[in-house]
Amino acid sequence: MAIAKDVGKYALIGAASQLGGILRTTISLTVIIVECTGDITFGLCIMISLMISKWVGDFFTTGLYDMNVEVSGIPLLSWEPPPLCDHVKVSDFMSQPVMSMLQVEKVGHVLECLKGENFHGFPIIEQDPGYDLMYKGKLRGLILRSQLLVLLKNKVS
């Protein structure tokens with residue numbers, strides 16, 4: 001009787017390992033299997049088998065989701081820059097000076113920026129008192145021209 005119970009556990013771990021090797025998911029698949037079975041006692045065994053199957057799968061080929069993204073032609077940036085772009089800096093092709101805005105800005109300055117420039121986005125910065133230059137500091141976000149126009153139209157201050 002105990003042998004049949006162990007065979008079911010081995011079959012579950014093997015099926016999980018096969019699915020993990022194809023999909024390349026580890027933690028989420030472990031949680032799903034533990035939740036479905038209602039038994040956490042062999043959760044560690046499932047996690048170890050999923051990690052090993054992911055590593056083996058990554059060694060031989062790409063995952064199913066990555067293959068679908070490639071086949072579908074979805075534009076996706078890779079983690080690494082192209083080989084010839086390692087030495088390129090943003091300052092090489094951005095306009096100077098950078099037109100930025102503070103977190104709290106006067107309406108007059110916002111209107112001046114919108115009229116004077118045709119940029120579609122403005123960096124929002126937190127001004128550091130250590131900087132001597134105006135509008136230089138730590139980047140906090142980006143606001144689009146369209147968002148600024150909506151705020152001005154609705155008179156949100």
Note down the net charge around Gln18, summing +1 for each Lys or Arg and -1 for each Asp or Glu among other residues with Cβ under 13 Å from its Cβ.
+2
If you plug each phi of the stretch 67-81 into the Karplus form 6.51 cos²θ - 1.76 cosθ + 1.60 with θ = phi - 60°, what whole-Hz ³J(HN,Hα) values come out, in order, with x for Gly and Pro?
5, 5, 5, 5, 5, 6, x, 6, x, 9, 6, 7, 6, 9, x
Net +/- balance of residues flanking Cys113 in space, Cβ distance below 10 Å, scoring K and R +1, D and E -1
-1
How far is helix 27-37 tilted off the main Cα axis of the chain, in degrees rounded to 10, range 0 to 90?
50
For helix 107-116, report the angle its Cα long axis makes with the longest principal axis of the Cα atoms of the chain; keep it between 0 and 90° and round to the nearest 10°.
90
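Let me have the 222 nm mean residue ellipticity of the chain computed from DSSP H runs of 4+ only, each contributing -39500 (n - 2.57), with the sum over all residues rounded to the nearest 500.
Result for the chain, helices only: -16000 deg cm²/dmol.
None of the figures in this text is laboratory data; all of them are computed from the coordinates on show. In this text, all values refer to a predicted model and were calculated from it rather than measured experimentally. Neighbour counts run over all protein chains shown; Cβ positions are idealised from the backbone, glycine included.
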